[in-house]
Amino acid sequence: MSGEVEVDNGGVKVDSGEETSTWPTMRFDVSPYRTHHFSKQFRSTRNPNNFLKGHKWSPDGSCFLSSSEDNTLSLFYLPQDGDDSNGFGVPIPEEDSYGASLLVNEGESVYDFCWYPYMSVSDPLTCVFATTTRDHPIHLWDSSSGELRCTYRAYDAMDEITAAFSIGFNPGGNKIFAGYNSSIRVFDLHRPGRDFGEYSTLQKNKEGQAGILSTLAFSPTNSGMLAVGSYGQTTGIYKEDNMELLYVLHGQEGGVTHVQFSKDGNYLYTGGRKDPYILCWDMRKSVEIVYKLYRATENTNQRVFFDIEPCGRHLGTGGQDGLVHMYDLQTGNWVSGYQAASDTVNAFSFHPYLPMAATSSGHRRFALPDDDDEEDKNKLQLKADENCVSLWSFYTTSEENNNGIQSHSSTEEEEVA
């Protein structure tokens with residue numbers, strides 16, 4: 001997917017970013033600045049406490065997709081300039097920066113969603129994403145029109161539809177891998193319906209990987225390796241072509257909720273529910289934990305998604321304290337952090353090639369019945385920096401000598417110090 005991509009919807013001209021030389025070197029010694037903010041449109045009279053559950057950038061970087069508690073997926077295109085262009089950011093506004101371009105409502109709770117890996121707005125046929133929801137088959141949605149393209153259905157022993165807990169496209173983009181309870185089902189993208197291959201992750205001698213398979217990721221180097229996380233606190237490494245189990249990683253304190261390979265495919269990072277550490281594994285040894293990266297997730301049941309920058313040197317992760325932490329992946333040392341929200345930051349993700357990132361935050365709140373105490377009612381009133389999505393721009397090394405930015409960077413460095 002090389003070349004320029006042009007968004008018709010007043011959007012942004014972007015390059016695919018495949019050439020690593022075009023990636024800017026982001027500075028993490030200076031806090032990023034907020035460029036856009038979205039919170040108001042996620043609330044309604046019916047669901048005033050609706051909160052975000054995660055988001056994912058499209059592979060071509062033209063837009064991102066967010067998932068919220070009201071079973072809705074919202075698609076936002078990047079504006080033409082990409083940021084607020086003043087280099088100082090914007091305060092948390094009362095009104096949203098702009099509205100979603102597309103809303104897709106699922107009937108039940110969204111378990112997982114993913115983009116087609118070769119999605120490009122210049123080719124409408126590739127503008128699709130897949131979702132899996134409770135008691136429903138896998139849906140393939142058109143991200144341009146919001147129409148349902150097709151479904152992929154798996155059935156249990158009673159011939160009833162069973163829902164996948166995790167989904168992902170293989171690197172070739174011709175298959176959908178889906179995680180179920182102790183099994184993986186593989187669907188051919190071009191053959192929707194009920195045809196699939198099924199592979200048990202639990203062998204007859206009860207060895208292997210048991211439990212709900214909650215997350216999966218493919219190695220970015222086309223090595224044919226697939227990592228699958230389970231609520232049984234294990235991560236299994238498989239061969240993509242025949243789903244042969246290579247080895248099982250033990251060490252997560254909670255059910256594994258997110259796995260991601262390093263850019264060179266040599267390391268794997270895993271995070272778990274109510275587990276304060278992201279674990280780093282060396283795929284060439286796979287027997288020892290290389291190091292642990294701390295994040296505040298001990299007291300939240302939410303999935304907390306982390307991400308690795310396009311250059312592959314740093315990892316960013318949120319937590320229940322509203323902070324985003326940056327770690328140097330070569331040393332495992334903490335680099336910096338900044339306050340992204342006043343609520344749990346449940347997802348942090350870098351833009352595929354621009355020096356930007358997105359955060360989503362929020363959690364479920366419960367109102368007490370027949371509560372007439374005005375003070376308690378006020379506590380339930382959400383602030384704009386709680387259940388929200390924010391876009392952030394990072395300073396780059398090439399910007400240091402630009403007028404205005406250097407002085408602003410110095411000021412922030414003093415504040416950080």
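The values are calculated or read from the model by the stated rules, or taken from the named source; none is laboratory data. Note that the coordinates shown come from a computational prediction; the quantities given were computed from them, not determined experimentally. Using ideal geometry, Cβ is built from the backbone for each residue, glycine included, and neighbour counts are taken over all protein chains shown.
When the residues of the range 139-178 are filtered to those that are among the charged types (D, E, K, R) and touching a strand residue (DSSP E or B) at 6+ places or on another chain (Cβ under 9 Å), the one that is surrounded by the fewest Cβ atoms within 10 Å (Cβ to Cβ) is Glu147.
Condition check for Ser214 on (1) out of contact with any Lys or Arg (no Cβ under 9 Å at 6 or more places or on another chain); (2) surrounded by 22 or more Cβ atoms within 10 Å (Cβ to Cβ); (3) under 25 Å from Gly54 (Cα atoms): one failure, at (1).
Sub-9 Å Cβ pairs linking a first residue in the range 325-349 that is closer than 17 Å to Cys311 by Cβ to a second residue that is of a type in the set (Gly, Ala, Ser) and in a loop (DSSP other than H, G, I, E, B), at least 6 apart or interchain, are Leu329/Ser262; Leu329/Gly312; Ser336/Ser31; Phe348/Gly318; Phe348/Ala340, ordered by first then second residue.
Residues that are more than 20 Å from Ala347 (Cα to Cα): which strands (runs of 3 or more DSSP E) entirely in the range 230-280 hold 1 or more of them?
The qualifying strands (runs of 3 or more DSSP E) are 234-239, 245-250, 267-272.
A residue that is of a type in the set (Ser, Thr, Tyr), closer than 21 Å to Ser182 by Cβ and in contact with a strand residue (DSSP E or B) (Cβ under 6 Å, 6 or more places away or on another chain) occurs nowhere in the range 272-291.
Looking only at residues in the range 108-123 that are outside any strand (DSSP E or B) and either touching an Asp or Glu at 6+ places or on another chain (Cβ under 8 Å) or among the polar types (S, T, N, Q) (or both), the one that is surrounded by the fewest Cβ atoms within 10 Å (Cβ to Cβ) is Glu108.
Answer yes or no as to whether Ala130 is under 27 Å from Pro220 (Cβ atoms), in contact with a strand residue (DSSP E or B) (Cβ under 9 Å, 6 or more places away or on another chain), not in a strand (DSSP E or B) and not β-branched (Val, Ile, Thr). Spelling it out, it is not the case that Ala130 is under 27 Å from Pro220 (Cβ atoms), in contact with a strand residue (DSSP E or B) (Cβ under 9 Å, 6 or more places away or on another chain), not in a strand (DSSP E or B) and not β-branched (Val, Ile, Thr).
Consider the range 203-224 and keep the residues that are of a type in the set (A, V, I, L, M, F, W, C) and at pLDDT 95 or above. The one that is farthest from Ser262 (Cα to Cα) is Ile212.
Here Leu103 does not fit the description of being assigned to a helix (DSSP H, G or I) and either touching a strand residue (DSSP E or B) at 6+ places or on another chain (Cβ under 9 Å) or of a type in the set (A, V, I, L, M, F, W, C) (or both). Only one of the listed residues (Gly271, Gly254) is under 14 Å from Gln320 (Cβ atoms), at pLDDT 95 or above and surrounded by 15 or more Cβ atoms within 10 Å (Cβ to Cβ). That residue is Gly271.
A search for C-beta distances below 8 Å between a residue of the range 192-212 that is at positive phi and in a loop (DSSP other than H, G, I, E, B) and any residue that is of a type in the set (Ser, Thr, Tyr) and buried (at least 16 other Cβ atoms within 10 Å of the Cβ), counting only pairs 6+ apart in sequence or on different chains, returns Gly211/Ser182; Gly211/Ser230; Gly211/Tyr231; Gly211/Thr234. Any residue at all in the range 185-195 that is crowded, with 16+ Cβ neighbours inside 10 Å and more than 24 Å from the chain's Cα centre (by Cα)? Yes: the range 185-195 contains one or more residues that are crowded, with 16+ Cβ neighbours inside 10 Å and more than 24 Å from the chain's Cα centre (by Cα).
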